[in-house]
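Read through the structure below, which is laid out as structure tokens, and then see the notes.
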Amino acid sequence: MKNESQGIINLWNRFWFSEEPKDILCLLRIFFGIIFLMKLTGCTGFMTNMHVELSIPQHTFSSDYVYRLSGFVQSVPGFGWLPLPSYKTYLLIEDIVFVLALFFTSGLFATYTGPLLAMLYGYLFVLDQMGYHHHTFLFVIVLFILGFSNCSSRYSLDSYLHGGTFGKVKGIAMPRRMLQILVSAIYFFGALSKINPGWLSGDIIRVLGMSGALHGPLGHFIMKSQFYLPLSVSTPILEFFLAIALWFDKTVRIAVLCGVLFHLVIDMTINVSTFSFQMIALYTVFAYPGTKSTTIFIDPGKVKQAVLIRFLLLFDWLRRFGTVVMKGGTPAAIPEVYTKSGILVRKRGGDILTGIDAFSCVLGMLPLFFPFAWLIKIFSSVRRNISRDHNPA
Amino acid sequence: MIAVCYTMRIFLNAVILLFVLAVVTLGIRSLLVNDSRYGWGMFASQTDYMVSYIIHYKDRTDTYHTGAELRGLARIKLSPGRRSLTRYGIGTLRSWLGNYTCYIYKNNRTEGVLFAEARVIYTINGKDEIRSERIRCPQNSDRGSY
């Protein structure tokens with residue numbers, strides 16, 4: 001019994017407190033920061049509203065006349081004690097939030113600007129429930145987690161000014177785990193709430209269409225094709241799948257691909273402000289955090305491999321690859337037979353890949369290019385089958 | 001130093017537990033009370049509603065007309081005699097109206113006032129069935145159906 005409880009405690013500690021590189025959180029700070037700036041400047045709904053009005057920053061209230069907090073106010077329960085700002089103070093706070101968001105996204109003084117930004121935006125959020133939106137609530141939670149997790153050690157002006165890294169490059173897994181749980185909970189409860197006759201019969205999508213809410217390019221298509229029922233049934237299934245599949249190594253890539261397509265389809269159908277982009281950015285937290293856990297052996301004399309290195313420098317955002325330069329010989333760890341076949345990759349588990357398999361592995365580990373890895377794998381297996389048919393021996 | 005680390009670990013564990021508890025509790029709450037705010041229920045229902053307000057006195061009732069206290073989004077969502085839509089569920093509407101009815105009651109608490117009441121008629125997901133509810137402050141809501 002004592003061993004069992006010790007085992008559970010160890011598992012708990014490993015899950016929440018194991019040390020890992022902060023690169024993923026640093027990357028998320030930039031992605032999420034950019035999306036937050038989109039929200040603050042009114043650059044939302046690209047695919048549904050063709051008239052995007054950019055203003056720096058965009059204020060919630062256009063005049064004193066529509067300023068809700070000078071009339072009937074219902075603050076978020078538990079926060080009624082907070083003082084209500086005047087209209088002018090509210091505008092000033094929004095301006096400060098915009099400046100702090102710029103600092104935080106670029107990673108300048110992020111140790112201070114992060115918590116300050118989270119608290120100021122959280123303050124504006126809890127003042128009044130009438131303006132509640134899921135995307136603003138998501139901003140508040142993620143800004144709090146990122147703001148207090150000191151995520152400017154890389155990809156930041158702080159690190160640039162300090163010659164590469166700033167502060168601790170490793171930290172506990174807790175902030176990333178919290179965000180993972182949040183993403184799963186969003187999909188899980190989103191799916192659960194749709195298990196009702198109204199949604200599953202297609203009525204809600206039909207009503208949304210009739211009320212003029214489906215106005216993106218795909219919205220018009222859905223209205224014309226009356227594609228309500230298949231959409232209604234498949235959405236909660238996909239959401240349940242995403243809530244679970246994002247956690248497993250074997251399914252995470254297909255889940256991310258499905259999730260990105262799902263959110264792009266939503267964004268092309270209905271105006272959900274920045275919510276789709278927020279969810280897509282949050283997929284970063286499901287990436288494996290092992291920095292430089294895969295090694296590429298490079299011969300700089302070969303043009304193709306030199307190009308590959310440049311390519312990796314540009315797109316290896318999760319810093320998964322370490323490189324070993326081979327100069328006129330084979331590294332001791334690699335059998336000589338492999339070095340004749342172009343690109344050489346040693347994976348996290350120690351497996352060695354060459355040629356097209358290695359190239360497919362490299363693409364599969366880059367955030368922007370992983371779908372192409374599947375295409376290459378299919379192409380490679382077709383080619384192998386054809387060559388086997390031609391040379392059965 | 002060890003004591004500081006120990007206290008920090010306890011604090012972090014408490015934050016984790018609170019976070020997980022909040023995420024799960026808010027999610028379940030949103031399903032139970034049909035109020036998808038804070039609980040990630042998205043597009044679970046579409047409520048089409050119209051509201052009116054009445055102040056009940058000992059000997060009479062008066063229709064309450066909203067004034068400058070409703071501004072912006074609150075004016076759009078809570079003004080009487082006007083059709084509005086919400087995607088957040090009937091529970092959200094009950095919460096808005098409950099709070100606003102109490103606001104009306106507190107600000108019109110003259111002699112003889114018994115309670116303020118919001119009467120709402122609504123349809124869910126475009127169905128023909130029209131439902132109604134009365135939400136009172138300081139009393140509980142009284143649900144019914146036409």
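The values are calculated or read from the model by the stated rules, or taken from the named source; none is laboratory data. Given the structure is predicted, the values throughout are model-derived calculations rather than measurements. No Cβ is skipped: glycine too gets one built from the backbone with ideal geometry, and neighbour counts run over all protein chains shown.
Before we move on, is A:SER225 at pLDDT below 90, among the polar types (S, T, N, Q), surrounded by fewer than 19 Cβ atoms within 10 Å (Cβ to Cβ) and over 21 Å from B:ARG87 (Cα atoms)? Yes, satisfied.
Of all residues assigned to region A:238-259, at least one qualifies as being facing chain B (nearest Cβ under 10 Å) and either in a helix (DSSP H, G or I) or within 26 Å of B:GLY126 (Cα to Cα) (or both). Scanning region A:266-298 for residues that are of a type outside the set (Lys, Arg) and outside any helix (DSSP H, G or I) yields a total of 18.
Under 29 Å from A:PRO21 (Cβ atoms), of a type in the set (Gly, Ala, Ser) and more than 22 Å from the chain's Cα centre (by Cα), is that true of A:GLY147? For A:GLY147, the condition - under 29 Å from A:PRO21 (Cβ atoms), of a type in the set (Gly, Ala, Ser) and more than 22 Å from the chain's Cα centre (by Cα) - is not met. Pairs meeting the criteria (first residue in region A:71-87 and assigned by TED's automatic domain parsing to the domain that holds A:GLY131, second residue surrounded by 14 or more Cβ atoms within 10 Å (Cβ to Cβ) and of a type in the set (D, E, K, R), beta carbons under 7 Å, at least 6 apart or on different chains) are A:GLY71/B:GLU69; A:GLY71/B:ARG71; A:PHE72/B:GLU69; A:VAL73/A:ASP128; A:GLN74/A:ASP128; A:SER75/A:ASP128. Summed over region B:103-144, the residues that are within 12 Å of chain A (Cβ to nearest Cβ) and in a helix (DSSP H, G or I) give a count of 4.
Residues that are away from chain B (no Cβ under 11 Å), of a type in the set (S, T, N, Q) and closer than 25 Å to A:GLN278 by Cα within region A:187-237 comprise just one, A:SER234.
Looking at B:ASN125, B:ASN107, B:ASN99, can you tell me which residue is more than 17 Å from the chain's Cα centre (by Cα) and more than 30 Å from A:GLY202 (Cα to Cα)? Of B:ASN125, B:ASN107, B:ASN99, the one residue that is more than 17 Å from the chain's Cα centre (by Cα) and more than 30 Å from A:GLY202 (Cα to Cα) is B:ASN107.
Taking the conditions (1) within 11 Å of another protein chain (Cβ to nearest Cβ); (2) closer than 17 Å to A:TYR132 by Cβ in turn, B:LEU17 satisfies each one other than (2). Scanning region A:237-252 for residues that are over 30 Å from A:LEU366 (Cβ atoms) and either aliphatic (A, V, I, L, M) or surrounded by fewer than 18 Cβ atoms within 10 Å (Cβ to Cβ) (or both) turns up nothing. Restricting A:THR274, A:THR284 to residues that are within 25 Å of A:ARG346 (Cα to Cα) and crowded, with 18+ Cβ neighbours inside 10 Å narrows the list to A:THR284. Among the residues of this structure, A:LEU344 counts as one that is at pLDDT 75 or above, surrounded by 18 or more Cβ atoms within 10 Å (Cβ to Cβ) and out of contact with any Lys or Arg (no Cβ under 9 Å at 6 or more places or on another chain).
Those strands (runs of 3 or more DSSP E) of region B:1-102 in which at least 3 residues are buried (at least 20 other Cβ atoms within 10 Å of the Cβ), considering only elements entirely within it, cover B:47-57.
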